[in-house]
1. Cβ contacts < 8 Å: first residue in a loop (DSSP other than H, G, I, E, B), restricted to the stretch 16-34; second residue aliphatic (A, V, I, L, M) and modelled with pLDDT of 95 or more, any location; separation 6+ or different chain. Result?
2. Can you tell me which residues in the stretch 28-40 are touching a helix residue (DSSP H, G or I) at 6+ places or on another chain (Cβ under 9 Å), surrounded by 15 or more Cβ atoms within 10 Å (Cβ to Cβ) and not β-branched (Val, Ile, Thr)?
3. Could you say whether any residue in the stretch 60-75 is in contact with a Phe, Trp or Tyr (Cβ under 7 Å, 6 or more places away or on another chain), assigned to a helix (DSSP H, G or I) and of a type in the set (Gly, Ala, Ser)?
4. Which of (1) part of a helix (DSSP H, G or I); (2) within 14 Å of the chain's Cα centre (by Cα); (3) of a type in the set (D, E, K, R) does residue 57 not meet, given it meets every other one?
5. Can you name the residue in the stretch 42-85 that is modelled with pLDDT of 95 or more and more than 20 Å from residue 2 (Cβ to Cβ) and is also surrounded by the most Cβ atoms within 10 Å (Cβ to Cβ) among such residues?
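The values are calculated or read from the model by the stated rules, or taken from the named source; none is laboratory data. Since the structure is predicted, the reported quantities are computational estimates derived from the model, not experimental observations. Backbone-built Cβ (ideal geometry, glycine too); neighbour counts: all protein chains shown.
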Amino acid sequence: MYYVYIIKSKKDNLLYTGSTKDLKKRFDLHNKGKIISTKNRIPFELIYYEAYKNEKEARQREKNLKLKANAFRQLKLRIKLSLQD
(Lines give C-alpha, C1' and ligand atoms only; values in the text may rest on other atoms or scores of the structure.)
Protein backbone atom coordinates (compact mmCIF):
# COMPACT_ATOMS: atom_id res chain seq x y z
CA MET A 1 0.00 0.00 0.00
CA TYR A 2 0.99 3.60 -0.59
CA TYR A 3 -0.24 6.51 1.48
CA VAL A 4 -1.04 10.18 1.02
CA TYR A 5 -0.94 11.90 4.38
CA ILE A 6 -1.43 15.26 6.02
CA ILE A 7 0.45 16.22 9.14
CA LYS A 8 0.01 19.32 11.24
CA SER A 9 2.83 21.14 12.96
CA LYS A 10 2.21 21.64 16.66
CA LYS A 11 4.69 24.52 16.49
CA ASP A 12 2.96 26.71 13.89
CA ASN A 13 -0.29 24.82 13.07
CA LEU A 14 0.61 24.63 9.37
CA LEU A 15 -0.19 21.54 7.32
CA TYR A 16 2.14 19.42 5.21
CA THR A 17 1.00 16.93 2.57
CA GLY A 18 3.15 14.02 1.46
CA SER A 19 3.13 10.45 0.18
CA THR A 20 5.01 7.33 1.19
CA LYS A 21 5.03 3.55 1.20
CA ASP A 22 5.75 3.32 4.94
CA LEU A 23 3.56 5.80 6.78
CA LYS A 24 4.80 5.02 10.29
CA LYS A 25 8.46 5.36 9.30
CA ARG A 26 7.86 8.58 7.36
CA PHE A 27 5.90 10.11 10.25
CA ASP A 28 8.74 9.21 12.63
CA LEU A 29 11.26 10.82 10.26
CA HIS A 30 9.22 14.02 10.21
CA ASN A 31 9.13 14.15 14.02
CA LYS A 32 12.86 13.42 14.32
CA GLY A 33 13.68 16.36 12.03
CA LYS A 34 15.08 14.11 9.29
CA ILE A 35 12.90 15.58 6.50
CA ILE A 36 14.48 18.80 5.21
CA SER A 37 11.21 20.49 4.24
CA THR A 38 9.69 20.08 7.71
CA LYS A 39 12.59 19.86 10.14
CA ASN A 40 12.09 23.39 11.51
CA ARG A 41 8.41 22.76 12.29
CA ILE A 42 8.51 19.71 14.62
CA PRO A 43 6.64 18.22 16.39
CA PHE A 44 3.82 16.97 14.17
CA GLU A 45 0.57 15.15 14.54
CA LEU A 46 -0.89 12.94 11.83
CA ILE A 47 -4.33 14.30 11.05
CA TYR A 48 -5.31 12.38 7.90
CA TYR A 49 -4.22 9.69 5.47
CA GLU A 50 -5.53 7.81 2.45
CA ALA A 51 -4.34 4.39 1.23
CA TYR A 52 -3.72 3.47 -2.41
CA LYS A 53 -2.83 0.20 -4.12
CA ASN A 54 0.04 1.68 -6.10
CA GLU A 55 2.53 4.50 -5.97
CA LYS A 56 1.30 6.17 -9.15
CA GLU A 57 -2.19 6.74 -7.72
CA ALA A 58 -0.80 8.04 -4.42
CA ARG A 59 1.59 10.45 -6.13
CA GLN A 60 -1.18 11.72 -8.39
CA ARG A 61 -3.44 12.39 -5.39
CA GLU A 62 -0.61 14.15 -3.53
CA LYS A 63 0.08 16.31 -6.59
CA ASN A 64 -3.63 17.07 -6.95
CA LEU A 65 -3.89 18.21 -3.32
CA LYS A 66 -0.78 20.37 -3.60
CA LEU A 67 -1.60 22.03 -6.92
CA LYS A 68 -5.38 22.34 -6.82
CA ALA A 69 -6.56 24.57 -4.00
CA ASN A 70 -10.17 23.47 -4.39
CA ALA A 71 -9.31 19.78 -3.86
CA PHE A 72 -7.33 20.59 -0.72
CA ARG A 73 -10.03 22.94 0.57
CA GLN A 74 -12.68 20.23 0.17
CA LEU A 75 -10.51 17.70 1.96
CA LYS A 76 -9.85 20.11 4.85
CA LEU A 77 -13.59 20.67 5.17
CA ARG A 78 -14.20 16.91 5.25
CA ILE A 79 -11.50 16.43 7.89
CA LYS A 80 -12.92 19.26 10.01
CA LEU A 81 -16.42 17.83 9.82
CA SER A 82 -15.24 14.33 10.77
CA LEU A 83 -13.34 15.69 13.79
CA GLN A 84 -16.50 17.34 15.10
CA ASP A 85 -18.42 14.03 15.33
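1. 21/1; 32/42; 33/42
2. If the condition is that a residue be touching a helix residue (DSSP H, G or I) at 6+ places or on another chain (Cβ under 9 Å), surrounded by 15 or more Cβ atoms within 10 Å (Cβ to Cβ) and not β-branched (Val, Ile, Thr), then 30 is the only one that fits.
3. No, the conditions are met nowhere in the stretch 60-75.
4. (2)
5. In this case the residue turns out to be 42.
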